[in-house]
Amino acid sequence: MRRLLPIVVTMVLLLGVGAAWLLLRPPAWLAGPFDDGYATSAYRRGDYAKAVKWFRLAADQGHANAQTNLGLMYANGQGVALDYAEALMWFRLAAAQGYAGAQTSLGSMYGNGRGVAQDDAEAVKWYRLAAAQGDALAQSNLGLLYANGRGVAQDDAEAAKWYQLAAAQQNADAQTNLGQAYATGRGVTQDYAEAVKWFRLAAAQGNMVAQHNLAFMYDTGMGVEQDYAEAVKWYRLAAAQGNAKAQTNLGVMYGAGKGVTQDYVRAYMWASLAGATGYVNGEKLRDYVASKMTSQQIAEAQKGALECKQRNFKGCD
């Protein structure tokens, strides 16, 4: 059996939280006389304009949670035109009342430079206030800033501390980064088994970086008994979410026949999808596999890649 040259895809630290900072929070949003569920039910059924109406009524009366959610509507452009400056105004009003969700959102506005000049130190200030109140997203983001030395002196131990607090509240990004800390020994004693534990918890929540990293641990036998079939399972889940590293490693598994029947067509297909994002290892794998294939096989793989992309990477395997 011909085997592919190994392409090592290193586990990556989750460097950002995507759109998580803009997500509406589902607890009891409107306290007091506005706790009638109108805004909640309107938002959940997608009637954002009506949700904005109810949020504004409560926000105008000084309800901090409504002010925060109205700010989020402006930040997301839901039910109103996207307006970061307006979002910032509502976040400030709620944050001045000590509302953790608004403080976290303010931190994100400063960290991302939305509606205000980008300022990591100011982001740290607001994240710290919210984190001290137990806000998991703020704790996770504060950990990221310490890990990357943004707005604070770089400090892996402090990063790990905040990841642990957020991870204990089931924050998937923090669980992923805590797993990464244990895998690399940054801020904690290196412990592959502990890394696997946290990757697994985050992967079960659908975090694609954790899914890739858990697959990598099974692939290499780090902290867990080596199991190629299990590695393929997790690479596949991350690949279906568009993770280029997972797509590449899934291609490696198909090319080498590890955990699956050797299949150069599928190996090329996944490598091609990864390479199309600009991921160099994907391009290298695609070109290497192509040297082992017939022109008919390459055409079949290219057709499969096109169809897979059209299906948003779902049902491709």
Item to complete: Being touching a residue at least 24 places away in the same chain (Cβ under 8 Å), more than 18 Å from Phe313 (Cβ to Cβ) and in a helix (DSSP H, G or I) is the filter here, so list the residues in the stretch 277-292 that pass it.
Response: Lys284, Tyr288, Val289
Discussion item. Suppose the filter is assigned by TED's automatic domain parsing to the domain that holds Gln103 and either buried (at least 22 other Cβ atoms within 10 Å of the Cβ) or assigned to a helix (DSSP H, G or I) (or both); does Ala159 pass it?
Written reply: yes
Worksheet item: Do we have Leu88 as touching a helix residue (DSSP H, G or I) at 6+ places or on another chain (Cβ under 6 Å), of a type in the set (A, V, I, L, M, F, W, C) and over 26 Å from Gln170 (Cα atoms) here?
Response: yes
Practice prompt. Sort through Gln118, Gln164, Gln190, Gln180 and tell me the only one that's under 27 Å from Gly71 (Cα atoms) and assigned by TED's automatic domain parsing to the domain that holds Leu72.
Written response: Gln118
Item to complete: May I ask you to list the residues in the stretch 220-262 that are closer than 13 Å to Leu273 by Cβ, of a type outside the set (A, V, I, L, M) and outside any loop (DSSP other than H, G, I, E, B)?
Response: Tyr235, Arg236, Lys245, Gln247, Thr248, Asn249, Gly251, Tyr254
Fill in: Out of Asn171, Asn148, Asn177, sole residue that is touching a Leu at 6+ places or on another chain (Cβ under 8 Å) and surrounded by fewer than 16 Cβ atoms within 10 Å (Cβ to Cβ)
Asn148
Worksheet item: Consider Gly304 against the criteria (1) closer than 28 Å to Ala202 by Cα; (2) free of Cβ contacts under 8 Å to residues at least 40 places away in the same chain; (3) in a helix (DSSP H, G or I); (4) not basic (Lys, Arg): it satisfies all of them except one. Which criterion is unmet?
Response: (1)
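Yes/no matrix, rows are residues, columns are (1) surrounded by fewer than 24 Cβ atoms within 10 Å (Cβ to Cβ); (2) closer than 19 Å to Tyr218 by Cα:
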residue: Gly242; (1), (2): yes, no
residue: Leu250; (1), (2): no, yes
residue: Met253; (1), (2): no, yes
residue: Val260; (1), (2): yes, yes
residue: Leu285; (1), (2): no, no
residue: Ser291; (1), (2): yes, no
residue: Gln297; (1), (2): yes, no
residue: Lys309; (1), (2): yes, no
Practice prompt. Scan the stretch 40-51 and report the pairs whose first residue is among the β-branched types (Val, Ile, Thr) and whose second residue is surrounded by 14 or more Cβ atoms within 10 Å (Cβ to Cβ) and in a loop (DSSP other than H, G, I, E, B), with Cβ atoms within less than 7 Å and a gap of 6+ or a chain change.
Written response: Thr40/Trp29
Item to complete: Quick one: in the stretch 192-217, of everything that is among the small types (Gly, Ala, Ser) and farther than 21 Å from Tyr228 by Cβ, which residue is surrounded by the fewest Cβ atoms within 10 Å (Cβ to Cβ)?
Response: Gly206
Worksheet item: Could you count how many residues in the stretch 46-72 are part of a helix (DSSP H, G or I) and farther than 18 Å from Val116 by Cβ?
Response: 17
Item to complete: Give the residue, chosen from Leu70, Leu88, that is buried (at least 17 other Cβ atoms within 10 Å of the Cβ), assigned by TED's automatic domain parsing to the domain that holds Gln170 and modelled with pLDDT of 95 or more.
Response: Leu88
Item to complete: Pick out the one residue from Ala153, Ala138 that is of a type in the set (Gly, Ala, Ser) and free of Cβ contacts under 8 Å to residues at least 24 places away in the same chain.
Response: Ala153
Practice prompt. Read through the list (1) at pLDDT below 95; (2) over 18 Å from Arg92 (Cβ atoms), then give the number of the only condition that Gln118 fails.
Written response: (2)
Worksheet, complete the sentence: Of the conditions (1) farther than 28 Å from Tyr182 by Cβ; (2) in contact with a helix residue (DSSP H, G or I) (Cβ under 6 Å, 6 or more places away or on another chain); (3) not basic (Lys, Arg), the single one that Ala121 does not satisfy is (2)
Item to complete: Return yes when Met217 is modelled with pLDDT of 95 or more, part of a helix (DSSP H, G or I) and not assigned by TED's automatic domain parsing to the domain that holds Asp155 and no when it is not.
Response: yes
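The values are calculated or read from the model by the stated rules, or taken from the named source; none is laboratory data. This is a predicted model, so every value here is computed, not measured. We place every Cβ from the backbone using ideal geometry, glycine too, and count neighbours over all the protein chains shown.
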